[in-house]
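The structure under discussion appears below in the form of structure tokens.
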Amino acid sequence: YNSRWYSGNHELVSGKIHMVNTIADFGDINRRNVYYLIYDPATGEVSNVSGSVTTAAGSLPIDITTLDASYRIVTQTTNGGNIPNLCFDALGDPHIIYMDGVPDSTSFGVYHITRTAGAWSSPYLLGTSYSADSVYTITPLTSGVKAYWTQQRGRPSWYSGSGRRDGGNVWTATRSGAGAWGSPSLLQGAHDFALGEPAMVRFGDPDFRVMW
């Protein structure tokens, strides 16, 4: 699991670029782990989320041993998922959404974690998705955050011959500024074709925050 490196979205915070990433095997059969890196354009250095480890520009790229030891925030030993997604809330705390499930299965949990006062929260299960190919996102609100993902509706003809099994209905859930998640709800049901790959709209407003 050191042949492929996939990067999620990037967020610019105080002049530094925060990014979440995952790795995969050579054939991209399974993507695994969540890594958090902070790049400083002024120096070329890359730091971990706590600032306890910094890799100098001249020492890049970071080797897998250092990545696992100092930059990995979610460890998946046998399970896997897809590319994680990141946003920051109004208080400046990072929120990450990622997926975890048994490779080649048809049930992957969609999880959320956040870092507050220097500590990561326990993973919170938002819902399930049908396939490791599924895409999800998380966006900031004026207070709190909102997550989006797809759940398969149970129509095999959507996937036959495509080589992919992602998509379905679009679901959402909202986390209040106080830190409480509301119940998941159906945002948009699929009809003739599966819906998929919800993505954050950059500088989106309350009326146009996500698209799929």
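The values are calculated or read from the model by the stated rules, or taken from the named source; none is laboratory data. Here the structure is a predicted model, which is why all the values come from computation and not from measurement. Every residue, glycine among them, receives a Cβ derived from its backbone with ideal geometry; neighbour counts consider all protein chains shown. Ligands, DNA and RNA are excluded from the accessible area calculation, which covers all protein heavy atoms including side chains. Shrake-Rupley method; radii C 1.70, N 1.55, O 1.52, S 1.80 Å.
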Can you pull the accessible area of I62 for me, 1.4 Å probe, Å² to the nearest 10? 30
With all protein chains in place and a 1.4 Å probe, L91 shows an accessible area in Å² (nearest 10) of 140
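Suppose a student asked you for the relative contact order of the chain, using Cα pairs under 8 Å spaced at least 6 residues apart; what percent would you report?
Details: 507 pairs, mean separation 26.1, N = 212.
About 12 percent, as a whole number.
Considering only protein heavy atoms and a 1.4 Å probe, what is the carbon-and-sulfur percentage of the accessible area of the stretch 1-91?
Details: 2320 of 4460 Å².
Here carbon and sulfur together make up 52 percent of the probe-accessible area.
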Whole-number Å³ per residue for the convex hull built on Cα positions in the stretch 54-133: 129
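How would T172, T128, T78 rank on accessible area, largest to smallest, probe 1.4 Å?
Numbers: T172 5, T128 65, T78 95 Å².
My answer, sorted largest first, is T78, T128, T172.
Given contacts defined as C-alpha pairs under 8 Å and at least six residues apart, what's the relative contact order of the stretch 1-94, whole-number percent? Let's see the in-between values first.
On the way: 174 pairs, mean separation 27.6, N = 94.
Over the stretch 1-94, the number comes to 29 percent.
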Could you put D93, D104, D133, D63 in order of accessible surface area, largest first, with the 1.4 Å probe and the full protein assembly present? D104, D63, D133, D93
What Rg and what Dmax come out for the chain when only alpha-carbon atoms are used, in angstroms? 17.2, 52
Given trypsin sites (Lys or Arg not before Pro), DSSP loops and at most 16 other Cβ atoms within 10 Å, the longest exposed-site-free stretch of the chain is 1-152
Round to the nearest 0.05 the FRET efficiency obtained for D25 and S107 when R0 = 22 Å and r is the Cβ-Cβ distance. 0.55
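Tell me the net charge near K146. Cut-off is 12 Å between Cβ atoms, K146 excluded, with +1 for each Lys or Arg and -1 for each Asp or Glu.
On the way: positive: R175, R209; negative: D89.
Summing Lys/Arg as +1 and Asp/Glu as -1 gives +1.
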Name the residue, out of F88, F108, F193, whose mean-square fluctuation peaks in a Gaussian network model built on the chain with Cα pairs under 10 Å. F193
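When N is the residue count of the stretch 1-95, what does its C-alpha Rg come to as a fraction of 2.2 N^0.38 Å? Could the numbers behind the result be given before it?
Working: Rg = 13.3 Å, N = 95, 2.2 N^0.38 = 12.4 Å.
Relative to the rule-of-thumb radius for its length, the stretch 1-95 sits at 1.07.
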H191, H10, reordered so the largest accessible area comes first (probe 1.4 Å): H191, H10
Skip the ligands, DNA and RNA, and give the accessible area per residue of the chain with a 1.4 Å probe, whole Å². 50
Give me the extension gain from W212 to F193: residue separation times 0.36 nm, minus the current Cα-Cα distance, reported in nm with one decimal. 5.6 nm
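Quick one: net charge of L60's neighbours, Cβ under 13 Å, K/R +1, D/E -1?
Here the count lands on -3.
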